[in-house]
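Enquirer: First, the structure itself, so that you have it in front of you.
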Amino acid sequence: MMSSLQELCAGLPLNPLPPKKARVSGCPHAPKRTPGLSAEDEKLALENSLRYFPPELHETLAPEFAEELRCFGHIYMYRFHPDIRMKAYPITEYPCRTKQAAAVMHMIMNNLDPDVAQFPQELVTYGGNGQVFSNWAQFWIVMHYLSEMTDNQTLVMYSGHPLGLFPSHPSAPRVVITNGMVIPNYSSKEEYEKMFAMGVTMYGQMTAGSYCYIGPQGIVHGTVLTVLNAGRLYLGLDDLAGKVFVTSGLGGMSGAQAKAAVIVGCVGVIAEVDRVVLEKRYHQGWLMEMTNSLDDCMARIRKARKVKEALSLGYHGNIVDLWERLVEEYNKTGELLVDLGSDQTSLHNPFNGGYYPVQLQFDEAISSLRTDPDHFRPLVQESLRRQIAAINKLSAAGMFFWDYGNAFLLEAQRAGADVGKPGGKSTEFRYPSYVQHIMGNIFSLGFGPFRWVCTSADPGDLEVTDEIAASVLEDLISRAGVGEAVKKQYRDNLKWIREAGKHKLVVGSQARILYSDQKGRVAIAVAINKAVATGQVKAPVVISRDHHDVSGTDSPFRETSNIYDGSAFCADMAVQNFVGDAFRGATWVSLHNGGGIGWGEVINGGFGLVLDGSQEAEARAQSMLSWDVSNGVARRCWSGNKNAYDTIVQTMEDNCGLRVTLPHVVKDKGVLEKALSQANHE
């Protein structure tokens, strides 16, 4: 057993080589991939993997890497999986020359913690294929580089590959990360599978490959806000007691749904096909009850509805069976047992383990997707058509359904399901994206998922930062000139942060998430930095955000699905965000192809910033966070969003250095038709 982090940071263990390892039994593993490599492609993949090792080791390593490629569709280098307990250790325990590098190591190891990661041995944090690195050699090299890095160097990451440490300067980012930056014409899912198998690109999801994942808590708060506001919008209710929310997925980020349902006080019924995943959430306390019986499931829903019990019930089975049984109950009794519905299976990756068809048992499906992908694909599409057919029937009876931005409706449409919206734009379906109806307007007010991680790994520090955040929000609510829409968001988030500690949300690092706008983010960051300086918080704090935010992501079927000026498929915002954060003080920055709804569908950017108590850290936070939010609000304003217009105008009044190009609204749309009609006659 490896005894220390010093050994982990010493570089690739080559003399002697660690013993050959197999996949660890008893923990979940990534599905076997089917990249469809030619013989020459396989040879190149093997050659690429051996680049990390001196020639005298090639004869030993080549056969086992070839075996991994043939068996799993990718070379993970299992031999080099570390024996140390993988978790976010206190920052003071990492060997380093700069605390910024130690903070990055803390975050990387949290992403790979078995309590946090979906498939830890395959370096997958969440989403079925969201990689931290492509193989274990990359992990060792990165940890070594970070331990040796000075404030005058920057580590450059190419899709999991550590290109190296390059001369830099103290105010530059310590790490610059890109994942999946593929030429647009080759950014297809098929090409991705080949390139990933050859070890030349990687799917970093959103916060996996940017080292900023904080476990399912990261989406609990967003899910709470979504379900809460769905109740307000669709049901006209602030109190969801006795209302039933049906969805699916308990794996990575989707694991948050059970906890969120209980926090908002409704009955949450979540289907999950993988029993290992189901039991993991149950033992973590995120899921209250489990059943594999649809009869029991229906009885439990009826009982919880009647007594208005807050409940999270995990159904071990396929979501299609659950939806179809709800239809059957409605047809038989006239009783609609579901009020709100959605889906959080990983449909950005539908044919490689992100979605399991109802026609097959779980073990059969895993086997089929590996051995007979041509048969597996049409089964997935048939299953999606059945799922939509059931949802449509329940929706017609009064249930309200929304798309959770996981490419569910997009893939259902591609499967031929009845999800079209007559007269709708290319980003619109029969059911809205949750961004279109709920979160989009919150984003346009400048609110989004701001996060922080206490690198001391001390729960006491997290309690202090919760108190700091609550105090900041109370102050912002009391200020004159704050609009009611903004105050409403502050109040929702104040309630959240006051109760967060009670709900045992921490899995892995001592982290917290809070939806806030620019003023809130800056004020909280400055206050936490002061607390680090005075010793009230014992060690540096990393601030970041989900890429799923105001300006972090260009995603036409999710984050930017409520942008209707024709620019929904443009990615300037995410790229400018990445660049702007880099020179305004971020400790590390990332830019990814994919994330959320899939490869080739999204460009997203993220950051991490270390608050070490210094005046410089405070200045960085003020400069970078202001840009990080205003960039997206300005873009949303230009697309015609009224909330964003009002928000950016107020921000310009608060900051004389900010000048944003404002749109002039065409009030008389008849002018357009008249002008085009005249042009047609000329």
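The values are calculated or read from the model by the stated rules, or taken from the named source; none is laboratory data. Predicted model, so just to flag it, every value in this text is computed and none were measured. Please note: Cβ atoms are built from the backbone with ideal geometry, for glycine as well, and neighbour counts cover all protein chains shown. The accessibility values were calculated without ligands, DNA or RNA, using every heavy atom of the protein model including side chains. Shrake-Rupley method; radii C 1.70, N 1.55, O 1.52, S 1.80 Å.
Enquirer: Under the Kirkwood approximation applied to all pairs of distinct alpha-carbon atoms, what is the hydrodynamic radius of the range 202-338 in Å?
Expert: 15.4
Enquirer: Report, please, the projected area of the range 266-407 averaged over directions, based on the convex hull of its C-alpha atoms, in nm².
Expert: Mean orientational projected area (the range 266-407, Cα hull): 8.5 nm².
Enquirer: Compute the FRET efficiency between R491 and R23 as 1/(1 + (r/R0)^6), taking r as their Cβ-Cβ distance and R0 = 51 Å, and round to the nearest 0.05.
Expert: The computed FRET efficiency comes out at 0.60.
Enquirer: Shifting gears a bit: So how much slack lies between E190 and D372, counting 0.36 nm per residue of separation and subtracting their Cα-Cα distance, in nm?
Expert: 63.9 nm
Enquirer: Averaging over all projection directions, find the projected area of the Cα convex hull of the range 357-469 and quote it in nm² with one decimal place.
Expert: 12.2
Enquirer: Quick one, what does Rg over Rh come out to for the range 1-142 if you take C-alpha atoms and the Kirkwood Rh?
Expert: 0.97
Enquirer: Follow-up question, since we're still on this one. Under Stokes-Einstein, with the Kirkwood radius over Cα pairs standing in for Rh, what whole-number D in µm²/s applies to the range 538-587 at 37 °C and 0.692 mPa s?
Expert: 267
Enquirer: I'd like the accessible area for F450: 1.4 Å probe, protein heavy atoms, all chains in place, Å² to the nearest 10.
Expert: Accessible surface of F450 is approximately 0 Å².
Enquirer: If R0 is 51 Å, what FRET efficiency do you get for E616 and K332 from their C-beta distance, rounded to 0.05?
Expert: Rounded to the nearest 0.05, the efficiency is 0.15.
Enquirer: Equivalent-ellipsoid semi-axes (√(5λ), Cα gyration tensor) for the range 552-625, whole Å, largest first?
Expert: For the range 552-625, the semi-axes come out at 28, 12, 9 Å.
Enquirer: Let me ask something else about it. In debye, nearest 20: dipole of the range 392-534 around its Cα centre with unit charges on the Cβ of K, R (+) and D, E (-)?
Expert: Using only the charged Cβ atoms, the result is roughly 320 debye.
Enquirer: Something else: Rounded to the nearest 0.05, what FRET efficiency do H681 and S4 give with R0 = 51 Å and r taken as the Cβ-Cβ distance? Could you check?
Expert: Efficiency at R0 = 51 Å is approximately 0.05.
Enquirer: Right, something else. Considering only the chain, what is the antiparallel percent among its DSSP beta bridges, to the nearest 5?
Expert: 55
Enquirer: At 1.4 Å probe size, with the rest of the protein present, what percent of the exposed accessible area of the range 444-542 is carbon and sulfur atoms?
Expert: Numbers: 1860 of 3520 Å².
Solvent-exposed carbon and sulfur of the range 444-542 make up 53 percent of the total.
Enquirer: Measure of size requested: the Rg and Dmax of the range 126-168, with Cα atoms as the atom set and Å as the unit; please supply both.
Expert: So, for the range 126-168, Rg and Dmax equal 11.6, 36 Å respectively.
Enquirer: Accessible area, 1.4 Å probe, largest first: how do V176, V419 sort? Intermediate values should be presented prior to the final figure.
Expert: Numbers: V176 40, V419 0 Å².
My answer, sorted largest first, is V176, V419.
Enquirer: Let me ask you something else. List the residues of the range 578-622 whose backbone N lies under 18 Å from a point placed 7 Å from the Cα of T92 along the Cα-to-Cβ direction.
Expert: Residues 611-614 qualify, since their backbone N sits under 18 Å from the label point.
Enquirer: Residues in the range 598-642, backbone N under 14 Å from the label point at Q536 (7 Å along the Cα-to-beta-carbon vector): list them, ranges by number please.
Expert: Within reach of a label on Q536, which here means backbone N under 14 Å from a point 7 Å along Cα→Cβ, the range 598-642 contributes 613.
Enquirer: Under a plain spin-label model, where a point goes 7 Å from the Cα along Cα-to-Cβ, how far apart in nm are C656 and F166?
Expert: Rounded to a tenth, the inter-label distance reads 3.9 nm.
Enquirer: Mind checking which lysines have their Cα closer than 25 Å to the Cα of K32? Skip sequence neighbours fewer than 8 apart in that chain.
Expert: K20, K21, K43, K189, K194, K280
Enquirer: What whole-number value in Å² describes the accessible area per residue of the range 377-465 for a 1.4 Å probe?
Expert: For the range 377-465, the per-residue accessible area is 31 Å².
Enquirer: Order E335, E467, E428, most accessible first, counting only protein heavy atoms with a 1.4 angstrom probe.
Expert: On the way: E335 65, E467 120, E428 40 Å².
Correct descending sequence by accessible area is E467, E335, E428.
Enquirer: Taking Cα pairs under 8 Å and at least six residues apart, what relative contact order does the chain come out at, in percent?
Expert: Result for the chain is 13 percent.
Enquirer: Show F80, F166 ordered by accessible area, largest first, where the area counts protein heavy atoms only and the probe is 1.4 Å.
Expert: F166, F80
Enquirer: What does the extension gain come out to for Q361 and R232, with contour length at 0.36 nm per residue minus their alpha carbon separation?
Expert: Residue separation times 0.36 nm, minus the Cα-Cα distance, leaves 42.7 nm.
Enquirer: Another question, if that's okay. Please report, to two decimal places, log10 I(q)/I(0) for the range 254-298 at q = 0.18, 0.19, 0.28 Å⁻¹ as given by the Debye formula with identical point scatterers on the Cα atoms and no solvent.
Expert: Evaluating at q = 0.18, 0.19, 0.28 Å⁻¹ gives log10 I(q)/I(0) of -0.51, -0.57, -1.14.
Enquirer: How many percent of the alpha carbon pairs in the range 175-282 exceed a separation of 17 Å? Don't skip to the end; give the middle numbers.
Expert: Details: 3709 of 5778 pairs.
More than 17 Å apart: 64 percent of the Cα pairs in the range 175-282.
Enquirer: Find, to one decimal place in angstroms, the Kirkwood hydrodynamic radius of the range 438-532, where the mean of 1/r is taken over every pair of different Cα atoms and then inverted.
Expert: 13.7
Enquirer: Additional query: Using alpha carbon coordinates only, what is the Rg to Rh ratio of the chain, with Rh defined as the Kirkwood radius?
Expert: Looking at the chain, the ratio lands at 0.96.
Enquirer: Under a Cβ-only charge scheme (Lys and Arg +1, Asp and Glu -1), can you give me the dipole magnitude of the range 1-94 about the Cα centre, in debye to the nearest 20? If you can, show how the numbers build up before the last one.
Expert: Working: 11 positive and 12 negative charges, 85 e Å.
The calculated dipole for the range 1-94 is roughly 420 debye.
Enquirer: Something else now. Enter the accessible area of Y356 (Å², nearest 10), with the probe set to 1.4 Å and all protein chains included.
Expert: 40
Enquirer: Three principal axis extents, largest first, for the C-alpha atoms of the range 533-682, in Å?
Expert: Extents along the principal axes: 74, 39, 21 Å.
Enquirer: Now for a different question. May I ask you to compute the full-extension gain from D239 to A397, defined as 0.36 nm times their residue separation minus their alpha-carbon distance, rounded to one decimal in nm? Intermediate results must be reported in sequence, preceding the final value.
Expert: Values: separation 158, 0.36 × 158 = 56.88 nm, distance 2.16 nm.
Here the segment from D239 to A397 would lengthen by 54.7 nm.
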